[in-house]
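To keep things clear, I will list the structure first and then write my remarks on it.
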Amino acid sequence: MATLETARKAGGAPYRLEWYPGTHHGFAFPKRPVYAQPAAERHWARLYTLFDTHLRQAA
């Protein structure tokens, strides 16, 4: 993860890197065996906030 963060910083674009310890790929989808509800809820809330903040068109 440190290498990824170093590369992202070098790119100069704003970003937020999040880590969900104890989860596995696919943790945000309820029908998958690796579903982790607390982490999934945090993930979806932050993703929707990101979309709302940066992708919503101005009225």
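Each reported figure results from applying straightforward, stated rules to the coordinates on display, with no laboratory input. As the structure is a computational prediction, the values presented were derived from the model and not from experiment. Heads up, the Cβs are rebuilt from the backbone with ideal geometry, glycines too, and the neighbour counts pull from every protein chain shown.
A compact table of results
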{"quantity": "Mean separation of Cα contacts under 8 Å (6+ apart) over length of the chain, as relative contact order %", "calculated": "18 percent"}
{"quantity": "Highest-fluctuation residue, A28, A39, A13 considered, GNM on the chain with Cα pairs under 10 Å", "calculated": "A13"}
{"quantity": "Simple spin-label estimate for E18 and A45 in nanometres, 7 Å along Cα-Cβ", "calculated": "0.9 nm"}
{"quantity": "Per-pair calculated FRET efficiency, R0 = 22 Å: A2 and R32 via Cβ, rounded to 0.05", "calculated": "0.20"}
{"quantity": "Charged-residue dipole, Cβ positions (Lys, Arg, Asp, Glu), the chain about Cα centre, Debye nearest 20", "calculated": "60 debye"}
{"quantity": "Radius 13 Å from Cβ of T53, net charge of other residues (Lys, Arg +1; Asp, Glu -1)", "calculated": "+2"}
{"quantity": "Descending semi-axes in Å of the chain, equivalent ellipsoid built from Cα gyration tensor", "calculated": "24, 20, 7"}
